[in-house]
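Worksheet for the structure shown next.
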Amino acid sequence: MISIITPTYNRAHLLPRMVNSVLNQTFKDWELIIVDDGSTDDTSQIVQNFKDSRIKYFPKENSGATASRNLGVNKAQGDYIIFLDSDDEAKANWLLEFHKKIEGGANLICCGMEIYNSDQKLISTTLFKNMGSLFGGLNVNYLAGTLLMKKEYFLDIGRYDDNLKSGQHFELFMRLYPYAVKNHILISLINSPLVNIHIHSGDRIRHNNHLVYEGTIQALKKHRKQFENHPDIFFDYLSVAAVSALKLNKTKEAKNLFSEAYRLRPFYYKALLRLVLSKFNFISKKIWN
């Protein structure tokens, strides 16, 4: 059995699309674990409308998507787990292609994805992303819906970090990759986009500058030694934190982060600074004055 874990919060209007995409899977040996993070809409009724014993619903008090994912894994009965966000959807052969890889001996597998805008128009297709030196130059995906693993791997590396405000998938992969290397676990690739990621105007972590800033700073502190050994990734993370600080008008923090990024990559820093000045000209002037 493959266990699909879906956290949700006040997305009753989006949930049916995701659930129907799971019901339409050509591979049938699955369970869908929906963890409701304290929704105040009719999420509960929406889930109850689907009469399938493979769909399991667990409501809880609001504590964030990360805690919901961890709870979902605790409830999972399958040997393999994959996460699927409640606003996204899987193609009909999603699980079948993963299962083919499992039958071939793979236990850590990723696939490609398609990204759609709010008008349901395809805006990009991504098979795999180069993860940089921090991950040995791997070309993989790690977002929800694209990465399947044995449940024991997830438990061994310590689950998602409940305290992390953003970037949870990336931070999890920062722990999963060295675990895989140490245990000689190969990452198997499915060269097809099997999950549809939907961009919309609703509540998303990436739209919340405060959460992005806090999560990035937390990751930098937690894994600082790893980042310091890989200046390219360190520069990227410092830049994200700096721009988020700038958007929040945290001028002192932004200046310190930009300065640290400059010491790592003076050449790239100039391009970043031009971008920042063009987009946040009024606020950024405060930093340099």
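The values are calculated or read from the model by the stated rules, or taken from the named source; none is laboratory data. The shown structure was predicted, so the numbers you read here are calculated from the model rather than taken from an experiment. Note that we place each Cβ from the backbone using ideal geometry, even for glycine, and neighbour counts take in every protein chain shown.
Quick notes on this one:
- Scanning region 3-25 for residues that are more than 21 Å from GLN168 (Cβ to Cβ), in contact with a Phe, Trp or Tyr (Cβ under 9 Å, 6 or more places away or on another chain) and not in a helix (DSSP H, G or I) yields one hit, GLN25.
- Residue within region 242-261 that is at pLDDT 55 or above, more than 20 Å from VAL212 (Cα to Cα) and either in contact with an Asp or Glu (Cβ under 8 Å, 6 or more places away or on another chain) or assigned to a helix (DSSP H, G or I) (or both) present: no
- Search result, residues across region 24-55 that are in contact with a strand residue (DSSP E or B) (Cβ under 9 Å, 6 or more places away or on another chain) and either among the acidic types (Asp, Glu) or not assigned by TED's automatic domain parsing to the domain that holds ASP85 (or both): ASP29, GLU31, ASP36, ASP37, ASP52
- Test: residue in region 137-150 that is exposed (fewer than 13 other Cβ atoms within 10 Å of the Cβ), over 15 Å from the mean Cα position of the chain (by Cα) and modelled with pLDDT under 90: yes
- Any hit, region 26-42, residues being more than 22 Å from the chain's Cα centre (by Cα), part of a loop (DSSP other than H, G, I, E, B), touching a residue at least 40 places away in the same chain (Cβ under 8 Å) and surrounded by 15 or more Cβ atoms within 10 Å (Cβ to Cβ): yes
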